[in-house]
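The values are calculated or read from the model by the stated rules, or taken from the named source; none is laboratory data. Everything quoted here is computed from the prediction, not taken from an experiment. Positions of Cβ are generated from backbone atoms using ideal geometry, with glycine treated the same way; all protein chains shown enter the neighbour counts. Areas reflect the complete protein model, heavy atoms only, side chains present, ligands, DNA and RNA absent. Shrake-Rupley method; radii C 1.70, N 1.55, O 1.52, S 1.80 Å.
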Amino acid sequence: MRYIKLSSENFEKFFNSLKALGKVYGPVKKGNIYSFQEVQRAEEMSLDYNRTMLPPKKFFVMPRDTILRLKNGRWENGINDEPFVLFGVHSCDIHGLKILDKVYLEEPADPYYRVRRENAIVIGISCMPDEYCFCKSLGTDFAMDGFDLFLHELPDGWLVRVGSVRGHEIAWEHEELFDEVTEEDLANFRAFEERRAKSFKKELNKEGLADMLDLAYNSPVWKKYADICLACGNCNMVCPTCRCYEVCDKWLNAYEAVRERRYDSCFMESHGLVAGGHNFRPTRLDRFRHRYYCKSYFDPSAGFNCVGCGRCDEFCPAKIEHVKVLDEVRGSLQ
Amino acid sequence: MTENPYISYDARILEVKDLTPREKLFTLRFIDPDVGEKFEFKPGQFVIVDIRGFGEFPISLCSSPTRRGYLQLCIRKVGRMTKFIHRMKEGEIVGIRGPYGNGFPMERMEGSNLILVAGGLGMAPLRSVLWYAIDSGKYEHIWLLYGTKAYEDILFRDEIIHLLKHGEAMNCSVKLAYEVESPSCIYLEKGFSDRVCRGVVTDLFRGEEFDVNNTYALICGPPVMYKFVIRELLDRKLSPGRIYMTLERRMRCGVGKCGHCIVGTSTSIKYVCKDGPVFTYWDALSTRGLI
Ligand SMILES: Cc1cc2nc3c(=O)[nH]c(=O)nc-3n(C[C@H](O)[C@H](O)[C@H](O)COP(=O)(O)OP(=O)(O)OC[C@H]3O[C@@H](n4cnc5c(N)ncnc54)[C@H](O)[C@@H]3O)c2cc1C
Ligand code: SF4
Ligand code: SF4
Ligand code: FES
């Protein structure tokens, strides 16, 4: 890894230089909620944000996405391949994208996702956990790859890790904005990371998690929470690794139609419904439990399908807490 | 962007045949001969039928890859899309993408006996296996145990009756169970008293002996059927690894992206569209919710 320093006074120049690469999206505060929005000036962003409601997946797997257009009876790609910059992505969300990569880039690669991924410049930023975060338990609190540049906050600027060839190019083209990293910067970087590691309030016990859950299939805890759950599907929408989609065709006029994908949620009754009205997950209990199984599936090459971002807790209207459910299910086994 | 796996290829409907009041057989051919040439499939695989501007749905290939130049789909009218295609006529065009899924391991089973257990519409994918096995001549003996509701519901009735009469010459024994009595069934039962009976598909196992070390069972039918059929097979000491079944789930993409067909728990998650739709009973034992 290459480490360089971006001083506070060069920050704005650096930000402005990115606009030449494409539209820049960064975390913006709207009411009490943060979201990734197009930004023109650095000060529009809230770089000390905790989490956006929708994760950066919305740029790759879009909430509504017109994938094909029907012209003269034939499908044409409805793809937009402009480069863009995602500024200020947290480490857990970078891990979230890597999990989506596993799914969407595996053969046959999803062409929409692939093009957007190739066109995205990802600039990570360090953060401090709040009461919902448990990324440290899952090892997703630090990103080793999956970004072009990663900015770590220092008292007088940013320690920048260069994570890709494109990151190197960006740093190269704006060499004048960066300094060498000093011993003091490194000490500050270490101190920040230590302070951060100590700030986590929530911890997930992932010891044998997958097996433990499997054994607890009939635990009464599932039912207890399924009864509280509103089946609104919020937890799916906001999760950086949830990516189920529905497809539907729509006519624009008598000659033109589009095929659209949109987010689907395994909490919806239609999710497992097949012909003749047979449903493979007929009850809310089935659907509630399914989400936890899907999130806690452990892929040896990619880890769990949860990165501990805390969104599902923060945005659950029934105040159901992911870690608490898992802990209780574990408790019910003994 | 050169390849888009979600774009279907044009195929012309060559023939539409009523099989039953609910099911029609569509015979299709790709318009572009290159596409047709490259389209190779295995019994048990499926395609996604694309009615452009209206939607897509998964359907098993029910013709055999041994019979090239066309594809056949047996489609039951159950809802919006299937109603739509039931109104389509010879000469019209639909989109086809695929083939998808793993299919049955036909090569691994060469030299063995095959027991095909079909319930209702489950006959469709198994017909592909049946004709593949008969045409290739590479299998010891083929049993087809077919359970159907009534005489009118027998899919591919002509073929089934033909095989009841002449199957032995092709190493194939057909047995049929029906639930609703009718004059036609009684007539069939009289003609083939040892092979046609009133009852359910598991009744057809009665009196059958097979060499468990040299036999594979292939099952397809409604969800309730699997448990009972598997019990019959396990009672006869057939190894779970020799029991193959093809499953259905809601499917959108067919290629492991849309998430609809995921089954299982934290220790084993399977995509029915790409890890299946054919699974062994071992898979069912290790993946909860598969059957
Ligand atoms: C691997 C596989 C093979 C199949 N093979 C056959 C076959 O050979 N013959 C046959 O008649 N049927 C087959 N089916 C079932 C067939 O896909 C459904 O009957 C069909 O999708 C129903 O669509 P509909 O719009 O008419 O029904 P509706 O009940 O109106 O469906 C409502 C919606 O749910 C969707 N839907 C319903 N069932 C399914 C399903 N199983 N998978 C995906 N989406 C679904 C439909 O696309 C539609 O948008 C198969 C299904 C699978 C998964
Ligand atoms: S399950 Fe919850 S905590 Fe885990 S990644 Fe999804 S939204 Fe974040
Ligand atoms: S957000 Fe909460 S209430 Fe809504 S579906 Fe998820 S767990 Fe249930
Ligand atoms: S059908 Fe989309 S993931 Fe299997």
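Under 5 Å from the amide H of B:Ile219 lie the amide H atoms of B:Val117, B:Tyr244, B:Met245, B:Thr246, each residue being 5 or more positions distant or on a separate chain, with H modelled from the backbone and absent for Pro and chain starts.
With respect to chain B, whose longest principal axis is taken over its alpha-carbon atoms, helix B:223-235 is tilted by about 40°. For the residues B:Arg80, A:Arg311, B:Arg22, a 1.4 Å probe over the protein chains yields an accessible-area ranking, largest first, of B:Arg80, B:Arg22, A:Arg311. Look at where the Cα atoms of segment A:114-151 and of segment A:16-38 average out, and the two centres are 16 Å apart.
Averaging 1/r over every pair of different alpha carbons in segment B:72-155 and inverting the result gives a Kirkwood radius of 15.2 Å. Atom-type composition of the exposed protein surface of segment B:1-99 places 49 percent of the accessible area on carbon and sulfur (1.4 angstrom probe). Annotation: extensible slack from B:Arg206 through B:His162 equals 13.6 nm (criterion: 0.36 nm per residue apart, minus Cα-Cα distance).
Report for chain B the percent antiparallel among DSSP-assigned beta bridges with both residues inside it, nearest 5. Here the antiparallel bridges make up roughly 60 percent for chain B. Pop out the Kirkwood hydrodynamic radius of segment B:215-291 from its pairwise C-alpha distances, inverse of mean 1/r, in Å to one decimal. Evaluated over segment B:215-291, this radius sits at 12.8 Å.
Report the residues of segment A:277-297 in range of a label on B:Val224: point 7 Å along Cα→C-beta, backbone N strictly under 15 Å from it. Residues A:277-279 qualify, since their backbone N sits under 15 Å from the label point. Mind running the shape call on segment A:155-263? Use the C-alpha gyration tensor, a ≥ b ≥ c as the square roots of the eigenvalues: rounded below 1.5 for a/c, prolate if a/b tops b/c, oblate otherwise. In terms of gyration-tensor shape, oblate. Computed from the C-alpha gyration tensor, the three semi-axes of the ellipsoid equivalent to segment A:4-138 are 29, 19, 14 Å, from longest to shortest. Helical runs assigned H by DSSP (4 residues or longer) give chain A a calculated mean residue ellipticity at 222 nm of -9000 deg cm²/dmol, each run adding -39500 (n - 2.57) before division by the residue total. Across chain A, the longest run free of exposed loop sites, meaning GluC sites (Glu not before Pro) lying outside DSSP classes H, G, I, E and B with no more than 15 other Cβ atoms within 10 Å, spans A:1-105. According to the calculation over all Cα-Cα pairs in segment B:137-291, the P(r) per 10 Å bin from zero is 10, 34, 31, 20, 5, 0 %.
The Kirkwood radius of segment A:91-218, taken over pairs of alpha-carbon atoms, gives through the Stokes-Einstein law at 25 °C and 0.890 mPa s a diffusion coefficient of 143 µm² s⁻¹. Note on chain B: GNM, Cα springs under 10 Å; of B:Ser112, B:Ser184, B:Ser64, the largest mean-square fluctuation is that of B:Ser184. For chymotrypsin sites (Phe, Trp or Tyr not before Pro), the sites in segment A:215-253 that DSSP calls loop and that have at most 16 other Cβ atoms within 10 Å are A:Tyr217. Residues of segment B:48-72 that bury at least 10 Å² of accessible area when the other protein chains are present, relative to the chain alone (probe 1.4 Å, heavy atoms, ligands and nucleic acids excluded): B:Asp50, B:Arg52, B:Gly53, B:Phe54, B:Gly55, B:Glu56. Once you reduce segment B:214-236 and segment A:207-285 to the center of their Cα atoms, the two points are 30 Å from each other.
Relative to the longest principal axis of the Cα atoms of chain B, the long axis of helix B:157-166 makes an angle of roughly 40 degrees. The label point for A:Leu186 and the one for B:Arg22, both projected 7 Å from the Cα toward the Cβ, are 7.3 nm apart.
Within chain B, the ratio Rg/Rh, alpha carbon atoms throughout and Rh by Kirkwood, equals 0.96. Per-residue ellipticity at 222 nm from helix content only, as computed over chain B with -39500 (n - 2.57) for each DSSP H run of at least four residues, stands at -6500 deg cm²/dmol.
Taking segment A:149-171 and a reference point 7 angstrom along Cα→Cβ of A:Ser7, the backbone N atoms nearer than 18 Å belong to A:152-160.
Note on A:Met268 and A:Glu176: their simple-model spin labels are 5.3 nm apart, each label 7 Å out from Cα toward Cβ. Note on the protein assembly as shown: antiparallel DSSP beta bridges, both residues inside, total approximately 65 percent of the bridges counted. For chain B, modelled as a GNM with alpha-carbon contacts under 10 angstrom, which of B:Glu159, B:Glu56, B:Glu107 fluctuates the most? Result for chain B, Cα springs under 10 Å: B:Glu107 fluctuates most.
Taking every pair of distinct Cα atoms and averaging 1/r, then inverting, what Kirkwood hydrodynamic radius in Å comes out for chain A? About 21.6 Å, per the Kirkwood formula over Cα pairs.
Give me the percent of DSSP beta bridges within segment A:1-93 that run antiparallel, rounded to the nearest 5. Around 70 percent antiparallel, to the nearest 5. Placing one identical point scatterer on every Cα of the protein assembly as shown and ignoring solvent, what is log10 I(q)/I(0) from the Debye formula at q = 0.05, 0.10 Å⁻¹? Result of the Debye calculation: -0.28, -0.96. The trypsin sites (Lys or Arg not before Pro) of segment B:104-198 meeting both criteria, a DSSP state outside H, G, I, E and B (loop) and at most 12 other C-beta atoms within 10 angstrom of the site's C-beta, are B:Arg108. Protein heavy-atom accessible surface, 1.4 Å probe, per residue over the protein assembly as shown: 43 Å².
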